[in-house]
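One structure is given below, encoded as structure tokens.
The values are calculated or read from the model by the stated rules, or taken from the named source; none is laboratory data. Owing to the predicted nature of the structure, the values given are computational and were not obtained by experimental measurement. Quick reminder, even Gly has a Cβ in these numbers, built from the backbone with ideal geometry, and neighbours come from all protein chains shown. Ligands, DNA and RNA are excluded from the accessible area calculation, which covers all protein heavy atoms including side chains. Shrake-Rupley method; radii C 1.70, N 1.55, O 1.52, S 1.80 Å.
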Amino acid sequence: QVQLVESGGGLVQAGGSLRLSCAASGRTFGSYVMGWFRQAPGKEREFVAAITWYGDRLAYADSVKGRFTISRDNAKNTVALQMNSLKAEDTAIYYCAQRVNSGLAFGTADFNYWGRGTQVTVSS
């Protein structure tokens, strides 16, 4: 079993930055894809970013390209999401997820383990 714990959420003004972190424990971090998703009130959970084991392949939702950066530290079993130029529409609960497969994927059904989420609120 894998446990994922997110941290770093909070309240920030529009245009500001936040850095989310996710710590993985339990089974193995392995050669798995790690991803970030978010869910705003009344909306479905949506893909934000993903990164392969070696960090050689990254994927971002169009809405966050150029503003968010995903990274991982395999030695520390962590994955981070640096969020810059935040907008009110970025307000959501952000979830860390792990895919037990080495290929990039973007759907919630493609990821096997999930954290409980961390709230990000951007005030306009």
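Quick one: grab Rg to one decimal and Dmax as a whole number for segment 48-103, Cα atoms only, in Å.
Calculated on Cα positions, Rg and Dmax stand at 11.8, 34 Å.
Just order 47-54, 6-13 by mean Cβ neighbour count inside 10 Å, highest at the front, would you?
Details: 47-54: 20.0, 6-13: 15.4.
Averaged packing, sorted descending, gives the order 47-54, 6-13.
What order do L18, L58 take when sorted by accessible area (1.4 Å probe), most exposed first?
Ranked list, largest accessible area first: L58, L18.
When the accessible area of segment 1-56 is computed with all protein chains present and a 1.4 Å probe, what percentage of it is carbon and sulfur?
Values: 1410 of 2890 Å².
Answer for segment 1-56 is 49 percent, counting heavy atoms of protein chains only.
Per residue, how much accessible surface does segment 1-96 expose to a 1.4 Å probe? Answer in Å², no decimals. Walk me through the intermediate numbers first.
Working: 4760 Å² over 96 residues.
In whole numbers, segment 1-96 has 50 Å² accessible per residue.
Kirkwood hydrodynamic radius, the chain, all distinct C-alpha pairs: what's the number in Å?
Details: mean 1/r = 0.0705 Å⁻¹.
With all distinct Cα pairs of the chain included, I get 14.2 Å.
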